[in-house]
Amino acid sequence: MEYKNLTVRREEQVAIVTLNRPDSSNALSVELMRELENMALGFRDDVETRVIILTGAGRHFCLGADLKDPEHIAAMSMPLLERQRYFHLGPRMIRALRDMDQVTIAAINGVSLGGGTCIASALDFRIGAADCRIGYPESNLSMSLSWVSLPLCLHLVGLPRAKRWVMTSETLPADVLLEWGFLDEVVPPGQLMERARELAGTYASLSPIAVQMVKRSLNSLAGALDEAIMHMDSDQVILAQSTEDFQEAIMAFMQKRAPEFKGR
């Protein structure tokens, strides 16, 4: 399958998937999100590929949702039922990435924010360039973290750190996130893909039957209650976007000032 916003290159038993919107810092347009979902589902019947590396073209991994995307803008004025269906795309994309049978590795370059960080958290391993910075800015927009990604953050960094990181919308450096456990390794920027390929080679050399069974089992154990809590997170986004605080957050972002939240 060919993609407009992704490149997929196979190197024997490893596939390298690159978010390819460098002029937009790989921000997630609706089209790119659909392509990511389709890419993940497209590997379901692929028994030759054992490891998938996902990275970003250009300076940054992914700066989250593309707020300038016409489809994102149009969604804001959709009737409620259509908005609900539209907002299901994000969770579907994350589930498709999380549920891939292959071992998955995020090679994080530059900055990763919001949806980009959700994507990284859905994969099995995360290698960060030493100068990368990663965050969840949703609280600054008066929204909770959605896309079934709040439990993923919790599993990786633990309860107190997840609360701090998501509540404050801090963009954290690689060394902190290595200590916290979100990143598995930190390498010099020029060695990011070299190390990702090396790690991929290690996992590709293992028994795919055993490795994939272990992955499915551990994911099921760790996330046994995730869906029970997060099944309505898209509806929470719709609710949050109906508030005065959300409108204030957007205006503050556009005007490059601090928002004044009033709980309305």
inquiry  = Can you tell me which residue is surrounded by the fewest Cβ atoms within 10 Å (Cβ to Cβ) among those in the stretch 22-32 that are touching a residue at least 40 places away in the same chain (Cβ under 8 Å) and closer than 15 Å to Gly58 by Cα?
reply    = Ser24
query = Where residues in the stretch 1-33 are assigned to a helix (DSSP H, G or I) and touching a helix residue (DSSP H, G or I) at 6+ places or on another chain (Cβ under 7 Å), which of them is farthest from Arg195 (Cα to Cα)?
reply = Val30
key: Wholly enclosed helices (runs of 4 or more DSSP H) of the stretch 158-206 bearing at least 1 residues over 27 Å from Glu11 (Cβ atoms) and without any contact (Cβ under 8 Å) to a residue 12 or more places away in the chain   = 159-168, 174-180
ask   = All but one of (1) under 16 Å from Phe61 (Cα atoms); (2) in contact with a helix residue (DSSP H, G or I) (Cβ under 6 Å, 6 or more places away or on another chain); (3) in contact (Cβ under 8 Å) with a residue 40 or more places away in the chain hold for His155; which doesn't?
value = (1)
key: Where a residue in the stretch 251-264 is at pLDDT 90 or above and its partner, wherever it lies, is in a helix (DSSP H, G or I) and surrounded by 10 or more Cβ atoms within 10 Å (Cβ to Cβ), with Cβ under 6 Å and at least six apart   = Pro259/Glu248; Pro259/Ala249; Pro259/Ala252; Phe261/Asp245; Arg264/Glu244
query = (1) without any contact (Cβ under 8 Å) to a residue 40 or more places away in the chain; (2) surrounded by fewer than 15 Cβ atoms within 10 Å (Cβ to Cβ); (3) in contact with a strand residue (DSSP E or B) (Cβ under 7 Å, 6 or more places away or on another chain): which one isn't true of Thr7, the others all being true?
reply = (1)
query = For the stretch 38-132, which fully contained helices (runs of 4 or more DSSP H) count at least 1 residues that are surrounded by 23 or more Cβ atoms within 10 Å (Cβ to Cβ)?
reply = 89-98, 115-122
request  = Scan the stretch 215-226 and report the pairs whose first residue is within 17 Å of Ile52 (Cβ to Cβ) and whose second residue is surrounded by 10 or more Cβ atoms within 10 Å (Cβ to Cβ), with Cβ atoms within less than 8 Å and a gap of 6+ or a chain change.
outcome  = Lys215/Asp101; Lys215/Val103; Lys215/Asp124; Arg216/Asp101; Asn219/Arg98; Asn219/Asp99
Options Glu170, Glu185; residue that is more than 17 Å from Val111 (Cβ to Cβ) and among the acidic types (Asp, Glu) = Glu185
ask   = Quick one: would you say Val237 is modelled with pLDDT of 95 or more and either out of contact with any Cys (no Cβ under 6 Å at 6 or more places or on another chain) or farther than 30 Å from Val47 by Cα (or both)?
value = no
query = Restricting attention to the stretch 103-147, which residues are in contact with a helix residue (DSSP H, G or I) (Cβ under 6 Å, 6 or more places away or on another chain) and among the basic types (Lys, Arg)?
reply = Arg126
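Table: residues versus (1) under 19 Å from Cys153 (Cβ atoms); (2) out of contact with any strand residue (DSSP E or B) (no Cβ under 8 Å at 6 or more places or on another chain); (3) surrounded by fewer than 16 Cβ atoms within 10 Å (Cβ to Cβ).
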{"site": "Asp175", "(1), (2), (3)": "yes, no, yes"}
{"site": "Glu179", "(1), (2), (3)": "yes, yes, yes"}
{"site": "Arg195", "(1), (2), (3)": "no, no, no"}
{"site": "Gly201", "(1), (2), (3)": "no, no, yes"}
{"site": "Met213", "(1), (2), (3)": "no, yes, yes"}
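Per-residue answers, yes or no, for (1) at pLDDT 95 or above; (2) of a type in the set (Phe, Trp, Tyr); (3) over 25 Å from Asp233 (Cα atoms); (4) within 15 Å of the chain's Cα centre (by Cα):
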{"site": "Val47", "(1), (2), (3), (4)": "yes, no, yes, no"}
{"site": "Gly56", "(1), (2), (3), (4)": "yes, no, yes, yes"}
{"site": "Arg59", "(1), (2), (3), (4)": "yes, no, yes, no"}
{"site": "Arg83", "(1), (2), (3), (4)": "no, no, no, no"}
{"site": "Arg95", "(1), (2), (3), (4)": "yes, no, no, yes"}
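The values are calculated or read from the model by the stated rules, or taken from the named source; none is laboratory data. Computed from a predicted structure; not experimentally measured. Every residue, glycine among them, receives a Cβ derived from its backbone with ideal geometry; neighbour counts consider all protein chains shown.
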